[in-house]
Amino acid sequence: MGADEDDQGRAADLPGVSLSDDEVTRMTSTLVSGLAPRPRFEIIPVENPNQPGAGCYVIAVAAGPQFPYGVLINEGYRYPRRTGTTTGYMAEPEIETAYRRRDAARREQEDRCAQIENLIRDRLSDDDTWVIVSLVPDQPGELVIDAPTFSAFRAARQGTRPLIGYPYAWQRVRLGHRRFLLDASFREGRTAHNLAADLHTDGAGVIAVAVSLFHHNPDTGPLRISDEGLVVAILAGLRFLGNHARETAGASGAAALQVSMAGPLGREWALYHDRNHGFPGALSESVNQIDIRLAQAAAPLDSLQDGQGLVAAAALLSAEIFQGFGVPEAYQITYAGQVRRRYWSRQPFGNLMTAWAEEAGVEISDEQAG
């Protein structure tokens, strides 16, 4: 039973209904099965203080660029729109226009990813091989930087290690235009070594990690990149950026995600592992840097916390990077959000990753890939 409306579409009376968990479950099921795409929503019971157990439900729907939403009617979807007090259905030209606007919003997010990546690339050391993870939320936040905000931010970040298994900690926390600049350098100057991040006031962010390399890298030939180090950099990078977007900047909705690599000019790369009792094993042949193309995906911001959604997003992006090396997927994690135990060496990442997975409620699988 809905609210009665006056002639201007405003709520005039709330007759009230019984409140129960079963009713919330029923409404959730109806919304999930009858709408496409699925919006982010919350059903909030509001009890009438004069009638315990009765009241109304408020369905709060997060704003976002996914419009138009289709409603399942009979065996097909129709696209409603509200005009004043009347609900009508969109005609084909209106639907096409709405889809074009949705695509334009996605392209703007991709352009923003490229923009913030270029900003951080300009200050990365040319001697390191980097994996660069970018995130742009579709509902930006609005963080105001002033002296107290910057002081609190620096105190909270400086000296902390954002990556599982990597020894890098934030040493310098500085300011740029509408963004915080972080890196793990002890040296003077603007060049970043080992680890760097730009965290923007609208919730966008980019983190660059000097990927774990084997100590016995030859002076000539391909640089040997650890497959485990690459996966951890992407997974923990997404977690770090998602936390900034949600908790620091107050962004919401979904996010465009992007991963790329950069390294010393003139050197090829090869993907290696050390799960053969510590002896290096090649996973790929040598590849040119141009072979490692941009990896792109999208995910709800809320899913980029410790858990299955974070692992699944990292698996999608890691697979695209691995495929540039000629390897079909990142064997350490799965598209279903699992951690595969057999593909982690004990040090430096394996024990820490399995401990993290257990604490985060992520399923640990003993299955073999393929």
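Taking amide H positions as modeled 1.01 Å from N, with prolines and chain starts lacking one, the residues under 5 Å from Gly263 and 5 or more places away or on another chain are Trp130.
Taken over the chain, the ratio of Cα radius of gyration to 2.2 N^0.38 Å equals 1.16.
What separates the Cα centres of segment 280-301 and segment 20-64 is a distance of 42 Å. Specify the residue with the greatest mean-square fluctuation among Ser134, Ser318, Ser125, computed from a Gaussian network of the chain linking alpha-carbon atoms under 10 Å apart. Result: Ser125 has the largest fluctuation of those listed. Residues whose amide H comes within less than 5 Å of that of Gln305, counting only those at least five positions distant or on another chain, are Leu310 (H built at 1.01 Å from N in the peptide plane). Each Lys and Arg contributes +1 and each Asp and Glu -1, all at the Cβ; summed about the Cα centre of segment 225-370, the dipole is approximately 160 debye. Split the accessible area of the chain by element, probe 1.4 Å, and carbon with sulfur accounts for 48%. Go ahead and set up a Gaussian network model of the chain, Cα springs under 10 Å, then flag whichever of Arg246, Arg275, Arg106 fluctuates most. Ranking Arg246, Arg275, Arg106 by mean-square fluctuation puts Arg275 first. Structural descriptor for the chain: relative contact order 12 percent, calculated from alpha carbon pairs under 8 angstrom and at least 6 residues apart. Build a GNM of the chain with springs between Cα atoms under 10 Å apart, and of Ala147, Ala233, Ala336 the one that fluctuates most is Ala147. For segment 161-171, the Karplus equation 6.51 cos²θ - 1.76 cosθ + 1.60, evaluated at θ = phi - 60°, returns couplings of 10, x, 10, 6, x, 8, x, 6, 10, 5, 9 Hz by residue, with Gly and Pro reported as x. For segment 88-209, the relative contact order is 27 percent, taking Cα pairs closer than 8 Å that sit 6 or more residues apart in sequence and dividing their mean separation by the residue count.
Tell me which residues come under 5 Å, amide H to amide H, from Gly70 once H is placed; ignore anything under 5 positions away on its chain. When sequence neighbours closer than 5 places are left aside, the close amide H contacts are Ala36.
The fraction of Cα-Cα pairs per 5 angstrom bin, counted from 0 for segment 100-162, comes to 3, 12, 14, 15, 23, 17, 10, 5, 1, 0 percent, rounded to whole percents. With just the Cα atoms defining each centre, how far is segment 244-265 from segment 111-125? Give it in Å. For segment 244-265 versus segment 111-125, the Cα centre distance is 11 Å. Relative to the first principal axis of the alpha-carbon coordinates of the chain, what is the inclination of helix 351-360, with its axis defined by its Cα atoms, in degrees from 0 to 90 and to the nearest 10? Once rounded, the angle reads 10 degrees.
Over segment 165-278, Cα pairs under 8 Å with separation of 6+ residues give a relative contact order of 20 percent. For segment 320-327, 3J(HN,Hα) computed residue by residue from phi via the Karplus equation (6.51, -1.76, 1.60; θ = phi - 60°) reads 5, 5, 4, 5, x, 8, x, 10 Hz, glycine and proline entered as x. Helix 147-157 and the longest principal axis of the C-alpha atoms of the chain enclose an angle of approximately 60°.
Sparsely packed loop sites in segment 21-116 (the GluC sites (Glu not before Pro) outside DSSP H, G, I, E and B with at most 10 other Cβ atoms within 10 Å) comprise Glu75.
Taking the alpha carbon gyration tensor of segment 49-90, multiplying each eigenvalue by 5 and rooting it gives semi-axes of 29, 14, 13 Å, largest first. For segment 245-252, the Karplus equation 6.51 cos²θ - 1.76 cosθ + 1.60, evaluated at θ = phi - 60°, returns couplings of 4, 6, 7, 8, 9, x, 6, 8 Hz by residue, with Gly and Pro reported as x. Reported value for segment 72-206: 200 Å³ per residue, from the convex hull of its C-alpha atoms. Computed over the alpha-carbon atoms, segment 157-306 gives an Rg to Rh ratio of 0.99, Rh here being the Kirkwood radius from the mean inverse distance.
The values are calculated or read from the model by the stated rules, or taken from the named source; none is laboratory data. Since the model is a prediction, treat every value here as computed from it, not as a measurement. All Cβ positions, even for glycine, are placed from backbone atoms using ideal geometry, and neighbour counts span all protein chains on display. Note: areas computed on protein heavy atoms with side chains; ligands, DNA, RNA excluded. Shrake-Rupley method; radii C 1.70, N 1.55, O 1.52, S 1.80 Å.
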